[in-house]
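A short worksheet on the structure shown next.
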Amino acid sequence: MYEDTQHTGPLAGFTVGVTAARRADDLITLLRRRGATVLHAPALRIVPLADDSELLAATKELVGCAPDAVVATTAIGFRGWIEAAEGWGIGEELLERLRAAELLARGPKVKGAIRAAGLVEAWSPESESLAEVLERLLSGGVAGRRIALQLHGEPLPGFVEALRAAGADVVVVPVYRWMAPEDLAPLDRLLDAMVGGGVDAVSFTSAPAAASLLSRAEQRGLEEPVLAALRGGVLSACVGPVTALPLQALGVATVQPERFRLGPLVQLLCKELPGRARVLPVAGHRMEIRGHAVLLDAELRPVPPAGMALLRALARRPGWVVSRGDLLRALPGAGRDEHAVETAMARLRVALGAPNLIQTVVKRGYRLSLDAGGEVKYAGTPVD
C-alpha cells in the first residue's frame with residue numbers, strides 16, 4: 001500500500017489520496033517530490049464524445065444559427081470540440097461562427113486553447129470563476145441572445161437556468177462526460193483506507209470526482225463511515241469552490257487554495273497536514289506524530305499501522321498510563337488477547353529506535369515518557 005517517500009519533505013510520513021483522472025501524473029509527481037505517499041484512485045474517467053449524437057446536433061445547430069456569445073469552460077473540452085467538428089467536416093464553419101461571436105474564456109488555459117484555434121477571446125475572469133462569467137453575461141443583458149455553453153463534464157443547471165430565466169436562448173455543448181472508472185479496485189482501496197485510518201488527506205480536482213467517490217461509498221454501504229472519516233481526521237483538499245460543493249453539501253469541511261491550480265493545492269497540503277500533526281516532548285526528543293510515521297528530532301521513522309494505533313492512543317493522554325485493555329481496543333482487529341499489545345508495542349519501540357520513549361508500568365500498562373512541563377507546553381496541540 002505504501003511507497004517510498006522522501007524523508008525530508010514537508011509531506012513525509014503522510015498519505016494522500018488522489019482522485020484525479022486527468023493530469024493525475026502531474027499532481028502525483030508534485031506530492032511525491034514533497035515526500036508524500038500517494039494512493040492513486042481515479043474516481044472517474046473522461047469519455048470523449050467525438051461520435052456522440054448530442055455533440056454533433058449541438059454543433060450543427062450553432063453552425064446553422066450563429067451564437068451571439070460562447071462560453072468555453074475547459075481547454076481540453078474546447079480543443080475536443082474543434083477536433084470533433086473537423087472530423088465531421090464542419091470545422092471551418094464552426095470556427096467562422098466562433099470568430100463572429102463574443103468568446104468568454106473561463107481561465108488562462110482555455111484562453112490558450114482558443115488562441116491555438118486561431119481565435120481571440122473577448123474576456124476572461126481573473127478569478128477563473130463561472131459565477132463571474134454568469135454575472136458578466138447577466139449584467140450586459142441576455143434577453144434574445146443566443147448563448148453556447150461548452151460543458152466541462154457535467155451539467156451546469158444553475159448557470160443554464162439563470163440565463164434562460166433572463167431570456168437567453170442557451171445551447172449546451174457536451175464535449176465529454178464523466179463516468180465511473182472501468183476498474184473500481186483502486187477506488188475501493190482508497191475508501192477502505194479512509195475508513196481504516198490509512199489516509200491523511202484526499203485531493204479532489206473536480207466536483208464529479210468528489211461525487212463519484214461518495215456514490216461508490218454509498219454503493220458499498222460505506223457512506224456513513226466514509227463521511228465520518230472526511231468529517232474527522234481525513235482532510236478534504238479541493239482545487240476550488242466548485243469542486244468542494246458535493247462534499248460541503250454533506251457537511252464535510254474542505255480547504256482550498258487561493259489560486260485554483262495544482263501547485264497551490266499541493267502547497268496548501270504542505271501547510272495543513274504538518275500543522276495537524278501532534279507534537280510532544282518525549283524523553284528529551286521532539287516527537288511529531290504523522291500519518292504513518294514519526295518525525296523524531298527531524299528524522300522520519302516509518303511505523304507499522306498497529307504501532308501507529310498504539311502511539312496515537314498513548315498520545316491522547318500524554319504522560320498518563322494507558323491500560324493494556326484500552327490499548328487492545330485501539331488495535332485494529334486485535335481480538336481479545338492482550339499479548340497482541342505486547343507484540344505491537346515491541347515492534348513500535350524497534351521502529352522508533354529509542355525504547356525509552358515509551359515506559360512500561362508493571363501490571364498497569366504503558367505511557368509516553370513526557371518531559372517535565374510537556375503537558376502545559378503542548379496543551380494546545382490538537383488531539384488526533
*asked:* What's the total number of residues in the stretch 250-268 that are open to solvent by less than 30 Å² (accessible area, probe 1.4 Å) and at pLDDT below 90?
replied: 1
*Does any residue in the stretch 225-244 that is farther than 26 Å from ARG259 by Cβ come within less than 8 Å, Cβ to Cβ, of a residue that is part of a loop (DSSP other than H, G, I, E, B) and open to solvent by 10 Å² or more (accessible area, probe 1.4 Å) six or more places away or on a different chain, and which pairs are these?*
LEU227/LEU250; LEU227/GLY251; ALA229/GLY197; ARG231/GLY251; ARG231/ALA253; GLY233/GLY197; GLY233/ASP200; GLY233/ASP384
*Which one is farthest from SER236 (Cα to Cα) among residues in the stretch 260-302 that are under 18 Å from the mean Cα position of the chain (by Cα) and of a type in the set (Lys, Arg)?*
ARG261
*When LEU227 is evaluated against the numbered criteria (1) under 14 Å from VAL16 (Cα atoms); (2) of a type outside the set (S, T, N, Q); (3) more than 12 Å from the chain's Cα centre (by Cα), which criterion, by number, is the only one it fails?*
(1)
_Of everything in the stretch 67-126, what is β-branched (Val, Ile, Thr) and modelled with pLDDT under 95? Give them in sequence order._
THR73, THR74, ILE76, ILE82, VAL110
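Can you work out which of the residues in the stretch 269-306 that are open to solvent by 40 Å² or more (accessible area, probe 1.4 Å) and part of a loop (DSSP other than H, G, I, E, B) is farthest from VAL18 (Cα to Cα)?
It comes out as GLY284.
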*Name the single residue, out of those in the stretch 347-364 being closer than 16 Å to PRO302 by Cβ and modelled with pLDDT of 90 or more, that is surrounded by the fewest Cβ atoms within 10 Å (Cβ to Cβ).*
GLY353
*Do you know which residues across the stretch 38-54 are at pLDDT 95 or above and part of a strand (DSSP E or B)?*
VAL38, LEU39, HIS40
*Would you please list the contacts, defined by Cβ atoms under 7 Å and residues six or more apart or on different chains, that run from a residue in the stretch 312-334 that is in a loop (DSSP other than H, G, I, E, B) to a residue that is among the basic types (Lys, Arg) and exposed (fewer than 15 other Cβ atoms within 10 Å of the Cβ)?*
VAL321/ARG364
*Please enumerate the residues belonging to the stretch 331-346 that are modelled with pLDDT under 90 and either open to solvent by 40 Å² or more (accessible area, probe 1.4 Å) or under 17 Å from ALA293 (Cα atoms) (or both).*
LEU331, PRO332, GLY333, GLY335, ARG336, ASP337, GLU338, HIS339
*Among SER129, SER139, SER124, which is the only one that is hydroxyl-bearing (Ser, Thr, Tyr) and out of contact with any Lys or Arg (no Cβ under 9 Å at 6 or more places or on another chain)?*
SER139
*Answer with yes or no whether ALA162 is under 30 Å from the mean Cα position of the chain (by Cα), over 27 Å from ALA21 (Cβ atoms) and surrounded by fewer than 20 Cβ atoms within 10 Å (Cβ to Cβ).*
yes
*Just one of (1) among the aromatic types (Phe, Trp, Tyr); (2) surrounded by fewer than 19 Cβ atoms within 10 Å (Cβ to Cβ); (3) within 28 Å of LEU273 (Cβ to Cβ) trips up TRP123, so point out which.*
(3)
_Being closer than 30 Å to LEU191 by Cα and aliphatic (A, V, I, L, M): is that true of ALA69 here?_
no
*asked:* Among (1) in contact with an Asp or Glu (Cβ under 8 Å, 6 or more places away or on another chain); (2) more than 29 Å from ALA36 (Cβ to Cβ), there is one condition ARG286 misses while meeting the rest; what is its number?
replied: (2)
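The values are calculated or read from the model by the stated rules, or taken from the named source; none is laboratory data. Given the structure is predicted, the values throughout are model-derived calculations rather than measurements. Positions of Cβ are backbone-derived with ideal geometry, glycine not excepted, and every protein chain shown enters the neighbour counts. For the accessible areas, the whole protein counts, side chains as well, though only heavy atoms, and no ligand, DNA or RNA atoms are used. Shrake-Rupley method; radii C 1.70, N 1.55, O 1.52, S 1.80 Å.
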